[in-house]
Structures are given as structure tokens and as C-alpha cells.
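The structure appears below as C-alpha cells.
The values are calculated or read from the model by the stated rules, or taken from the named source; none is laboratory data. Values in this document were obtained by computation on a predicted structure and should not be read as measured data. Neighbour counts run over all protein chains shown; Cβ positions are idealised from the backbone, glycine included.
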Amino acid sequence: MSAILKISDLRVAVEGKPILKGVNLEIRQGEIHALMGPNGCGKSTLAYVVAGHPKYEITGGAIELDGVNVLELDPCQRARLGIFLAFQYPVTIPGVKVSDFLRHAVSNVRNPDRKEGEGLIPMKDFRKELKDRMSEIDIDSEFARRYLNDGFSGGEKKRMEILQLSLLRPRFAILDETDSGLDSDAVRAVSEGINKLHGPHMGVLIITHHERLLEFNKPSFTHVMLAGKIVETGDASLAHDLHANGYAAVRERHPAEAAEEQAVTVKA
Amino acid sequence: MDDYQFGFHDPTDKYVFKSRRGLDREIVYQISELKKEPKWMRDFRISSLETFFQKPMPSWGGAVEEIDFQNIFYYMKAAANLEKSWEDVPEDIRKTYDRLGIPEAEKKYLAGVKAQYESEVIYGSLQEDLAKQGVLFTDTDSALRDHPDLFREYFGKIIPPNDNKFAALNSAVWSGGSFIYVPPGVKIEFPLQAYFRINSENMGQFERTLIIVDEGASAHYVEGCTAPTYSSESLHSAVVEIVVKRGGRFRYTTIQNWSNNVYNLVTKRAMAYGDSLMEWVDGNLGSKLTMKYPSIYLMEPGARGETLSIAFANHGQHQDAGAKMVHCAPNTSSRVVSKSISKGGGRASYRGLVKVEKGATNCKSNVVCDALILDSKSRSDTYPYIEAEDDQISLEHEASVSKIGEEQLFYLMSRGMTEAEASAMIVTGFIEPLVKELPMEYAVEMNRLIELQMEGSVG
Ligand SMILES: Nc1ncnc2c1ncn2[C@@H]1O[C@H](COP(=O)(O)OP(=O)(O)OP(=O)(O)O)[C@@H](O)[C@H]1O
Ligand SMILES: [Mg+2]
């Protein structure tokens, strides 16, 4: 039976300012969804809130994974439940080796009851798995010894996110602009990576401004966000259309949200 | 802290000798008498005691005025002899070192070991081939007896008793410590290790270490320290004197992990001669108050000095640590890298001095201090001092203070790390540039100690 990630009427504020104003979204394992929308409309906010970033205030609504109230869990518990966010801006952790970090992450996510200090997955198996995954997405194995994202180029950071995705094999993955800042070979590598990973067991939400990623990973649903609300949902052709023609038509069809969007921009 | 893993202690009723509490001439005589020392040493002790009484307490650093010198036991001897085999060490004491993992480490990767328990070294070993090459690695008391000329040439010359109040105290009541002599050109590959253990409450441990690395020789010495957790204080006040002669290399690594009732007030100084390299690697965890500023006097051209220090100040602890580099000759260079972490209301201070004497042209010094503060209760300060009497020099100082980042924590937690695990990982990464300088076994130990400090601490 496939699990559902269900977001209902989600309202979120940051530093007192409302950002998400009633988001509804349901993703089943195995489905690909695309989320598009102009800069600043709240896409990353949604992604962060699902992953559990503490800086957001939930002012209403719910997030459930198969009936489990996700909002009650800390980010670590969410990860262990099978939620993964590929960051738009991955964070640098100086002094922490990629391989150590990944071994801890994999041990925790695959063994959700693991306590701090308890055994990690065996080094030998892990090394092999890591090597295989790295070669699949064209990351030099030398990166395993580097410090996490320290001095990585933009594209290298994004690949590192996909490497994590492939090792952690979540039930639900949100990819926040994983394709931006990548050269075309990298977009292909990442797309193929996602394509391979995606299957009946992973639901994916792809946040993007580009079309390439969606060409490789055709979404069953495309959502358009405007001023903190999902205002339209269509199929893959909607993504194509937005790409070709921009958001003017969407704004025309949703004057109320377009007006709010304006207000925010003027205030800022 | 209840998570301090070396907080256990042994009974003391079988001790061979235990001085009464307090400090006066009689106690000092008694120590000297028991050790059957030559007159010059007894006189040295007595005059040092006078100096100790005369010198004022340092007015900077930590709250040393809380130390009650008359409540301390200045000398305790737990075992009758210094043994060459662990089997001959009294069982209680041997078990303690087993728990600390020393005999096992010795088998695996050490060139020699000294184990000091209370005031005396109770076990000593040195690889045979090193002994054959003329390497001396013994306790300081034996060195005074067995190598009197070599001993007297250097003892108290690098750190005279009147250097500071605690050096004077050590000079009056010193006992135990390591004595090392590495003959010219001899290179010791594996570390020599000493382990200092305080067992009794209100104990004062005053080991005295003297190390001479002769021309072109090289060695690495490592010391570890622990003590039981008691409700009232103990005092550890060591003096470490080092000479590295022309072309020699020496590294002194400390991984101190005192329980948080120990005052740790240590004077460490090295003199580095032409083209030599002296390095202090100093890991300070635990203790109630640590005041320690390992110094290097760069005596001749080409001498290099390096100090890498890590301080972790947890709840109820003050780490006042740093480094002192004195450039006495031209073309000398020094580098200090200091990393401190404060947590749970702990306080970490970096206190450092770079001094350039007149005529010491063309010197280079580079100091980098990074502090990481884990919560709003904790504190970090930096006190860098520079005294330069020559201006053809290059001095750099950088300092940074950072709080543990919310974004870093979130990133790691979103990959399944608990909050404690994520903070530990960030801290481990923060000190990694120093830890990777340690031999593998010590690096593992250091990371484990940091993890223990981080455990159960958040939330
Ligand atoms: N800490 C904050 N304080 C104030 N406003 C914030 C804060 N964090 C985010 N915002 C605002 O929330 C809004 C939504 O930001 P978000 O990052 O979710 O946009 P996005 O849709 O991902 O945009 P982009 O396409 O540029 O990545 C923006 O207007 C942003 O400025
Ligand atoms: Mg965004």
C-alpha cells in the first residue's frame, strides 16, 4: 500500500509575516509532482516546513504522513520517517568528512530507533555502497574524504544532495531547485539519478524554474504557487506552458493572489 | 558531571605514606627526607617554599583565590616501588590503569610508558632498543639519583622557582614526573607516554617533567590525566621544562581530562635552539579551572615554535589557556592555533603573548583563535598580547567567535541526526584541524571525549 504525504490548509508565518496562506497538497509514493511559482511565492518555505525547520511558525493546518502528525516531530524524526529535502542552498559543515556524515545519516535513517553512540552500519558495506552511488552520479570518490560542502562549487553541492537522496532512499523527497546552477551534463546526471531512484516507493516534489529536470522526470501533476497558495494544478503540459509563457496568464486568472503578491513586494 | 567516566576511585588505607594536610617547612623537609635527596635539592625546595609564600596570587586568569592551600595533602605514596611489569603493580592500582586502557595501549603503539599515581611514578617501561641507543625515559626522582649531572645542568633553569607562584609551589613539593633524554641524532618513532592519575580527595599532584632533546634528535611525548569526582577540590600544579637543541624536533601532546573538581595550574616552557622545531599540542577538557600557557622561547636563528590548543569548557568549568611565544633571535617563526568551545555555562578564554626581543629581526608569528559558543549561558574571551621591540617582523592575529549555527543543526538533523549528535558533529568538525594532528589513537580518544561532553546535553 502506498503512503500519502498530506498537506492541508497549511498556514505559515516567519517573524510574524504570513508566507503560506492555506496550502493543500497530496503526494503519494511513486508520484512525481512539480511545484512552480515566481520568486518569493513560498516554495522553499513549504519545503523547509515539511522538513521541520524551526524558524517557521505554523499558524494553521496540518501535515500528515500516513496519518502520522508530522508537525509534532523534530527534523531528525521526520528524516527517520522517510522525508527528505534536497536543499536549494546546502549548508557547509567544516571539518566533518562527507563519508562520516553519510555513514551517520544512513545508520540513523535505516535504523530509526538508533540512539546516539550506538553502532553504525558496517564500514565495509557502507564503503562499497558509497562508492557505487558516487560513481552513478559522477562524483569523484575523492569527495568522500572532503569536508561537507566545504569549498564545493554550486553544482558539486547539488550533486551531493542527490547522493544523499540516493543513499537515504526516502519515501518522500522534495527537491528544491536542485537543477539550478548546474551545467547541462550535471542536470542530465541529476535527472537520471532521480529517474533511477524514483519508483513505486518514492514520491517526489520537484521545485523548479526550468524544464530540463521535468523532461527526464515527467510530473503527473504540476502545481502553481502564487503568494503562498497553490492556485492551479494541472499536468505536465502546464509546466511547459508556464515555461513558455511565464506567469502573466496565471496572475490574470487569479487577481486576488496577484494583488497580495504585489502588496508583499511593495512592502519589502 | 555525572557523565565523567573516570570518576571512580580506590581506597587509600593501604598507602605506604600519606603526609598530613597543609604546607610548611616541615612537610617539605619530610618529602625531601623520604626521597633521600641530596642537600642541594632540599635547599632548593626550602627556598622555593619561601618564594611561594612571598609571591602574590595572580590577579588575572581564574578564581585561584578559592584554593585553600592548607587543606591539601602534598605528598602521598600509594605503592612501595616503581615496577617494570604491570603484574608487580599492586592490584587496586593496576586495575585503575586497566580501566584507563594504558597497558593495552602500551602493547599496541607506545615506545615507553610512565604511570604516576598520586605523588609517585609506580610503573615504567622503555623499549629495549631505545635504551640501548642511550635514550633515558625515567621518573624525575630516579633521574636526580641516577643522572645527577645531567639533571642538575637543566633542572629549574628553564623555569626558575620565582617565575610564578605555582612554579614556586611545584619547586617546593615536586614529586614524580617524567625525565627524558634523547641523545644526538636519535629519532624515536613511536610516542613515549605518561599517565597521571590523582586518586584521593584534596590531593595535590606536583609532577615535574624535564626533557632534553639533543642535537638532531626527535621524539613525541604524550601525557594523559584523570582524577575521581569528589565534592571538594584537588590541585594539580606541574612544571614542565624542555630543551630542544640545534636541529632537534620535539612534540609534547597533552590530553587532559580532569574531573571538574581539579584546579589545574601548570607552567610549561620550552627552549628551542637553532633550526629546531618545538610543538605543543594541548587538549584541555575537564577541571574546575585550568590556567596553562605553554611557552616557547625561540633562542637561535631558524628555531620554530608551534602551539595547537583545544579547550572545552563545560558547566562549572573555566579554561584559561593559551600560548606564549618569545622570539629571542632573528629569523625565528611561531604559529598558534587555538580552538575553544564553551557549553552549559562554561567559560573558555584564550590568553596569549607574542614577544619579540630587540634585534630579533625577520621574525614571523601567526596566531589564529577560533571560539565556538554552544549556548547563551556560556562565554568566551580572547586576551592577545603583543610586545615587539623590533619592527622588521611580521605578526598576524586573527580571532573569530561563532555560535553553533541553526542552519547547520537543521541541515544535519534533516539527515536523521539527533540534536545532540548534530551538535557533537559540528563541534568535532570545528576541532578537526587540530585533532588530525594527533596520532590516530589519540584522535579517536579526543573525539570520544568530546562526544561524552556533548551527550545528553541538549534539549
Ligand atoms: N526570515 C525571514 N524574514 C522575513 N521574510 C522571510 C524570511 N524567510 C523568508 N522570507 C520571505 O518569505 C517569502 C517566501 O520565500 P521562499 O524562500 O519560500 O520563496 P521561493 O518561492 O522559494 O522563492 P525562489 O524561487 O526565489 O527560491 C519571501 O518573500 C521571503 O523574503
Ligand atoms: Mg526557493
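In this structure, does A:Gly52 turn out to be within 14 Å of another protein chain (Cβ to nearest Cβ) and buried (at least 22 other Cβ atoms within 10 Å of the Cβ)?
For A:Gly52, the condition - within 14 Å of another protein chain (Cβ to nearest Cβ) and buried (at least 22 other Cβ atoms within 10 Å of the Cβ) - is met.
Any residue in the range B:25-40 that is farther than 21 Å from B:Leu144 by Cβ and either among the β-branched types (Val, Ile, Thr) or in the same structural domain as B:Ser142 (by TED's automatic domain parsing) (or both)?
Yes, that holds for at least one residue.
Given the structure, is B:Phe196 of a type in the set (A, V, I, L, M, F, W, C) and not in a strand (DSSP E or B)?
Against the criterion (of a type in the set (A, V, I, L, M, F, W, C) and not in a strand (DSSP E or B)), B:Phe196 does not qualify.
Determine if the range A:207-218 includes at least one residue that is under 23 Å from A:His254 (Cα atoms), at pLDDT 95 or above and within 15 Å of the chain's Cα centre (by Cα).
Taking every residue of the range A:207-218 in turn, at least one turns out to be under 23 Å from A:His254 (Cα atoms), at pLDDT 95 or above and within 15 Å of the chain's Cα centre (by Cα).
Regarding the range B:55-78, can at least one residue be identified that is of a type in the set (D, E, K, R), surrounded by 19 or more Cβ atoms within 10 Å (Cβ to Cβ) and assigned by TED's automatic domain parsing to the domain that holds B:His236?
Within the range B:55-78 (the criterion being of a type in the set (D, E, K, R), surrounded by 19 or more Cβ atoms within 10 Å (Cβ to Cβ) and assigned by TED's automatic domain parsing to the domain that holds B:His236), the answer is yes, since at least one residue qualifies.
Just to be sure before I move on: is A:Glu116 more than 8 Å from every other protein chain (Cβ to nearest Cβ), among the charged types (D, E, K, R) and out of contact with any Cys (no Cβ under 6 Å at 6 or more places or on another chain) in the structure I sent?
Spelling it out, it is not the case that A:Glu116 is more than 8 Å from every other protein chain (Cβ to nearest Cβ), among the charged types (D, E, K, R) and out of contact with any Cys (no Cβ under 6 Å at 6 or more places or on another chain).
Regarding the range A:137-152, can at least one residue be identified that is at pLDDT below 95, within 17 Å of A:Leu197 (Cβ to Cβ), more than 10 Å from every other protein chain (Cβ to nearest Cβ) and surrounded by fewer than 18 Cβ atoms within 10 Å (Cβ to Cβ)?
The answer is yes; a qualifying residue exists.
Identify, from the list A:Gly181, A:Gly155, the residue that is away from ligand 2 (no atom under 16 Å from the Cβ) and under 30 Å from A:Val106 (Cβ atoms).
Residue meeting the stated conditions: A:Gly155.
When both residues are 6+ apart or on different chains and their Cβ atoms are under 7 Å apart, which pairs have a first residue that lies in the range A:206-218 and is farther than 10 Å from A:Met36 by Cβ, and a second that is surrounded by fewer than 21 Cβ atoms within 10 Å (Cβ to Cβ) and charged (D, E, K, R)?
That search, which allows pairs on different chains as well, returns A:Phe216/A:Glu192.
Okay, residues lined up against (1) assigned to a loop (DSSP other than H, G, I, E, B); (2) within 22 Å of B:Gly156 (Cβ to Cβ):
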{"position": "B:Cys225", "(1), (2)": "no, no"}
{"position": "B:Ile255", "(1), (2)": "no, no"}
{"position": "B:Asn264", "(1), (2)": "no, yes"}
{"position": "B:Gly274", "(1), (2)": "yes, no"}
{"position": "B:Thr290", "(1), (2)": "no, no"}
{"position": "B:Ile296", "(1), (2)": "no, yes"}
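From the residues in the range A:13-34 that are aliphatic (A, V, I, L, M) and more than 9 Å from ligand 1 (Cβ to nearest atom), which one is nearest to A:Gln88 (Cα to Cα)?
Residue satisfying both the conditions and the ranking: A:Ala34.
Please list, ordered by first then second residue, the pairs with beta carbon atoms under 7 Å, 6 or more apart or interchain, first in the range A:38-55 and within 18 Å of A:Glu260 (Cα to Cα), second assigned to a loop (DSSP other than H, G, I, E, B) and more than 8 Å from ligand 2 (Cβ to nearest atom).
Hits for this filter: A:Pro38/A:Tyr247; A:Cys41/A:Ala227; A:Cys41/A:Gly228; A:Gly42/A:Gly228; A:Lys43/A:Gly37; A:Thr45/A:Tyr56.
Hey, does the range A:59-68 have a residue that's over 20 Å from A:Ile4 (Cβ atoms) and within 14 Å of chain B (Cβ to nearest Cβ)?
no
I'm trying to understand the selection: among the residues of the range A:155-211, which are more than 13 Å from chain B (Cβ to nearest Cβ), more than 16 Å from ligand 1 (Cβ to nearest atom) and in a strand (DSSP E or B)?
Result: A:Gly203, A:Val204.
Just checking, how many residues over the range A:75-89 are without any contact (Cβ under 8 Å) to a residue 60 or more places away in the chain and within 7 Å of chain B (Cβ to nearest Cβ)?
Number of matching residues: 3.
Here are some conditions: (1) away from ligand 2 (no atom under 16 Å from the Cβ); (2) within 14 Å of another protein chain (Cβ to nearest Cβ); (3) assigned to a loop (DSSP other than H, G, I, E, B). A:Ser2 meets all but one. Which one does it not meet?
Unmet for A:Ser2, out of (1) away from ligand 2 (no atom under 16 Å from the Cβ); (2) within 14 Å of another protein chain (Cβ to nearest Cβ); (3) assigned to a loop (DSSP other than H, G, I, E, B): (2).
Looking at (1) among the polar types (S, T, N, Q); (2) within 14 Å of chain A (Cβ to nearest Cβ); (3) under 30 Å from A:Val106 (Cα atoms), can you tell me which one B:Ser342 breaks?
(2)
Only residues that are without any contact (Cβ under 8 Å) to a residue 24 or more places away in the chain and within 30 Å of A:Lys43 (Cβ to Cβ): list them for the range A:90-109, please.
A:His104
Hey, among B:Lys39, B:Lys95, which residue is among the basic types (Lys, Arg) and either touching a residue at least 60 places away in the same chain (Cβ under 8 Å) or over 30 Å from B:Pro160 (Cβ atoms) (or both)?
B:Lys95
Name the one entry in A:Glu72, A:Glu31 that is under 19 Å from the mean Cα position of the chain (by Cα), away from ligand 2 (no atom under 16 Å from the Cβ), more than 8 Å from chain B (Cβ to nearest Cβ) and among the acidic types (Asp, Glu).
None of the other options fit; the residue is A:Glu31.
Of the residues that make up the range A:229-250, is at least one surrounded by 21 or more Cβ atoms within 10 Å (Cβ to Cβ) and either part of a loop (DSSP other than H, G, I, E, B) or free of Cβ contacts under 8 Å to residues at least 24 places away in the same chain (or both)?
Looking through the range A:229-250, none of the residues is surrounded by 21 or more Cβ atoms within 10 Å (Cβ to Cβ) and either part of a loop (DSSP other than H, G, I, E, B) or free of Cβ contacts under 8 Å to residues at least 24 places away in the same chain (or both).
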